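Since the structure comes first, as C-alpha cells, the remarks are kept for the end.
The values are calculated or read from the model by the stated rules, or taken from the named source; none is laboratory data. A quick note: this is a predicted structure, and the numbers were derived from the prediction, not measured. Because the Cβ atoms are built from the backbone with ideal geometry, glycine has one as well, and the counts that use them run over all protein chains shown.
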Amino acid sequence: MKATSAWRLVPELEKALAEGMSAGEWIGGRRPVCSYARISEDRQEEEAIGVSRQHANNTEAADGLKWVVVARYTDNHLTAADPDIQRPAFLQMVRDLRARQTAEGVPVRGLLAVAEDRVRRLPEDFLRVHRALTVDRDGCFYVLDEKRYIDVHADGAQVVGLVTSSTDGREVKKIGQRTARSVRDRAKEGKQSGGHRRFGWLPADKKADRPHNHLLDPVASTYLRRAIEMIMAGQSERTVTQWLIKEKVPTVKGGKWSSTTVRNMVSNPAVCGYRMLDGELVLDPETGLPVVGPWETVATPDEWRKILGRYTSYYKVDPKTLKGDPSRGTRSKRRKEVTQTRKYTLSGYLRCGRLDLSGQKCLSTMVGNPVSTRTPHGAYACNASNCQGVARRMDLVDQAITELVLKILLERYAAKEPEHREWHGQAVLDSLLERKRLLKDGYNSGQVQPADFFDMLPDLDAQVQESEKDRAEFLAEQEAGNFLAGFTSERWAEFDLRQRRVAIGTVIATVIVHPLPKGRSTRAPFDPSLLEVVYRPMT
C-alpha cells in the first residue's frame, strides 16, 4: 500500500454548499470540528483501525457530543515515529485549526481522534497542536478510545500528552540549572548522578540494592569490551555497528545501532572510570588528575586515551595530557542543509526502503554519488551505517521520477491561471497581534503587573510566531503554484536544477527506494515499480 495524504470537507457539507446552503446553516448550533485519521506501516494495525473506520468513529462520537465533523484529514500508511517523514495532512490540519477555518472558509474549532497516538509523533507535534487549539478560547479536543475530553485551556497546566512540560520556561530553566549544578558537584566527588543506563552496565534497581548503574552487565559488557578492542585495532564504527546488529545485541533504549552510537559508547570515559561534562574531563582541582568514579570498568585509562585520540575533534580534552583545550569546540553540530545547494535532482527526496532485523523500513536519506569509474552513471545510495544498503542508478531514477512529475505537472498546471488567494488565517494573526499590543500597553501603563506580563508574553509570542510561519508556508505554496501556472514540457527543459527541484517538491514529498527482490540480479533491467512515491496532495 502506498503512502498518501488528503484533506477535504465531508461529503455531506460539500453537497449542501453545492446546493446553495451556507456552511453556517448546515452546521446549525453544533460545534464544527475536524476528524484526523492515520495508519502506519503495520498491516495488522491497518486492518484493525483503517482510516475509514477512524473517520466513521470520529463522526459518530461528534454526534454524541453535539459537535459536527466538517473536514477530514488523512495520513494513510505514514509512520508517526520518524521525524524525517512529514505528514502533510497533519500539517494542514494544524494550520486550519489555528486559522479557525478551512481554506474554503468553513469554521473549525476542534479535533477528534480515536487515540492520541494517531495524532502524536514528537513533542514538537504536541506543542503545535496545543497552540493551534488554544489560539482562542474555542478550541477543543476529544479522544474516543478513552472517552476523554481534554481541557486544552486548563489553568496552570498544559495538555497532558500534547506538551512536554507543565512548567513555564523560567521554572524549567531554574530546574535545569539546579540539575546541572548537582551533576557537576557529584561528578567532582566521583559519584554517580543518575541518568540513563549506559550500555554494558546493569540498570539501577533499588530492590536489588543497586541505586545506580555501577555494576557491569555480564553479557553486555563483553560486547562493549569487544567493541573497544575492535576500535583500538583500527576497525571502523560501521564494522562494529554491523557486527552488533548481526549478533542481535539490543541497544539500551531499544533503538537502532549506528556509527554515532558506537563512537559515543566506546569513547565514553566511564569505560575506565572517568567522567566528562560538556566535552571536558572532570579533574580534581587540587591534584589536576582525573576524578575516578566507583563503578566497575572495562578498559584502562591508557586504552581510553588511545580511543580518544581517534575522536579529538569531538572533545575539548587533549588525549595526551588530559587537559582542556579551549581551541577545540564541544561536540560538533550537524551542518544545516540548504536545499538550493543540492547537487542532484532528487537529493533529499529519496529514502531507503530496506527492512531491518525488526522488519521496519530503514528510511534513511539516500545520497547522490557522482559519476566515476565505479559508478559511470552516478548512483543514489543509502547513507546509514547500520543498513546493508540500497543503491540505484542516478540517471534511471531521475528519468523515472521526472517522467512521473512531468505528467502530473501537466495535468495540474497546464490550464491553470495564476491566482492570488487571501490567506485564511489572517484574521487570527491580526487578533493575536492586537492582543500582544494591548498586553504591552497594559504593562506600560501599569494596569498589567510585571509578573503577569512576563507570564503571558512567551506563549503569546509563540502563537504569533506559529501563525506567521503558517502564512509564510501558505504564500510559498501559492508562489510555487503560480510559478507553474500554464506549465509546458518546453518550460521544464528551460528550468535550472533549483527550479526543477521546486517543481518536483510540489508533487512529491518522498520517494522510498525498495531493495531488489531476492534472487534478482543487479544487472537486471531497471524496475521503476521499486520506487514508492509519497505524493503531496494538490492544494
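Descriptive notes on the structure:
- Residue within segment 465-482 that is part of a loop (DSSP other than H, G, I, E, B) and of a type in the set (A, V, I, L, M) present: no
- Out of Ile512, Ile504, one residue alone is in a strand (DSSP E or B) and assigned by TED's automatic domain parsing to the domain that holds Thr345. It is Ile512.
- The requirement of being closer than 19 Å to Leu410 by Cβ, under 22 Å from the mean Cα position of the chain (by Cα), outside the structural domain of Pro88 (by TED's automatic domain parsing) and modelled with pLDDT of 85 or more is fulfilled nowhere in segment 482-496; no residue meets it.
- Of the residues examined, Glu337 is not one that is at pLDDT 80 or above and part of a loop (DSSP other than H, G, I, E, B).
- Restricting segment 470-479 to residues that are under 24 Å from the mean Cα position of the chain (by Cα) and in contact (Cβ under 8 Å) with a residue 24 or more places away in the chain leaves a set whose member that is surrounded by the most Cβ atoms within 10 Å (Cβ to Cβ) is Asp470.
- Test: residue in segment 448-469 that is touching a Gly at 6+ places or on another chain (Cβ under 7 Å), free of Cβ contacts under 8 Å to residues at least 12 places away in the same chain and not assigned by TED's automatic domain parsing to the domain that holds Arg87: yes
- Subset of segment 223-269 that is among the hydrophobic types (A, V, I, L, M, F, W, C) and either on the phi > 0 side of the Ramachandran plot or not in a helix (DSSP H, G or I) (or both) - its residue that is modelled with the lowest pLDDT: Ala233
- Cβ pairs under 6 Å, 6+ apart, first in segment 16-30 and under 20 Å from Asp63 (Cβ atoms) and modelled with pLDDT of 95 or more, second of a type in the set (A, V, I, L, M) and in a helix (DSSP H, G or I): Trp26/Leu13; Trp26/Ala16
- Scanning segment 492-511 for residues that are of a type outside the set (A, V, I, L, M, F, W, C) and surrounded by fewer than 16 Cβ atoms within 10 Å (Cβ to Cβ) yields Glu494, Asp496, Arg498, Gln499.
- Selection within segment 255-275 - under 13 Å from Tyr311 (Cα atoms) and touching a Gly at 6+ places or on another chain (Cβ under 7 Å): none
- Subset of segment 371-395 (residues that are under 24 Å from Ser259 (Cα atoms) and either acidic (Asp, Glu) or modelled with pLDDT under 85 (or both)): Asn383, Ala384, Ser385, Asn386, Cys387, Gln388, Gly389
- Filter pass, Lys518 being under 28 Å from the mean Cα position of the chain (by Cα), exposed (fewer than 15 other Cβ atoms within 10 Å of the Cβ) and of a type in the set (Lys, Arg): no
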